Amino acid sequence: MDPAPEVQKSACEVLEQFCKGFKMILLHYTEQMARAVLLPLVSKKSKIRIAGLKCLTAILWCGLWKYNAFVF
C-alpha cells in the first residue's frame, strides 16, 4: 500500500516469487494477498501494472477455485 512506484513494483515481484515458492502453504491466503495488489493494478505507470498482473497471476495459482472466485 506504499505510494512510491518503485516500492510497489518491488513488492509485487517479491510477492510473485513468494507465491511461486510456497504455493501449497498459501492456499487459504489467496484473497488477502489479492487485496494487497489492488493499488499497483490501478497505477498510472505500465511497469507497475504489469508487475501487479504477474503477481496476481501467481496469487491465483496458489488458491483453489472457491478462493479465486472471491478474488474476481
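Some values worked out for this structure:
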| read-out | value |
| --- | --- |
| Cysteines not pairable in the chain (beta carbon separation under 4.7 Å absent) | CYS19, CYS62 |
| Projected-area average for the chain over all orientations - Cα convex hull basis, square nanometres | 4.2 nm² |
| Charged-residue dipole, Cβ positions (Lys, Arg, Asp, Glu), the range 1-56 about Cα centre, Debye nearest 20 | 220 debye |
| Choice from LYS45, LYS54, LYS23 with maximal GNM fluctuation in the chain (Cα, 10 Å cutoff) | LYS45 |
| Selected from SER43, HIS28, CYS62, residue furthest toward positive end of dipole (the chain; charges at beta carbon) | SER43 |
| Spatially close lysines, pair count over the chain: Cα under 17 Å, gap of eight or more or interchain | 10 |
| Separation in nanometres of the label points that stand 7 Å from Cα toward Cβ, at SER10 and SER46 | 2.5 nm |
| Heavy atoms of TYR29: accessible area, 1.4 Å probe, square angstrom to 10 | 130 Å² |
| Of MET1, CYS19, VAL71, farthest towards positive along the dipole that unit charges on Lys, Arg, Asp, Glu beta carbons give the chain | VAL71 |
| Rg/Rg_globular for the range 1-43, with Rg_globular taken as 2.2 N^0.38 Å and Rg from C-alpha atoms | 1.18 |
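The values are calculated or read from the model by the stated rules, or taken from the named source; none is laboratory data. Keep in mind the model is a prediction, meaning the values are calculated, not measured. All Cβ positions, glycine included, derive from the backbone under ideal geometry; neighbour counts span all protein chains shown. Each accessible area value is taken on the protein alone, full model and side chains, heavy atoms only, with ligands, DNA and RNA left out. Shrake-Rupley method; radii C 1.70, N 1.55, O 1.52, S 1.80 Å.
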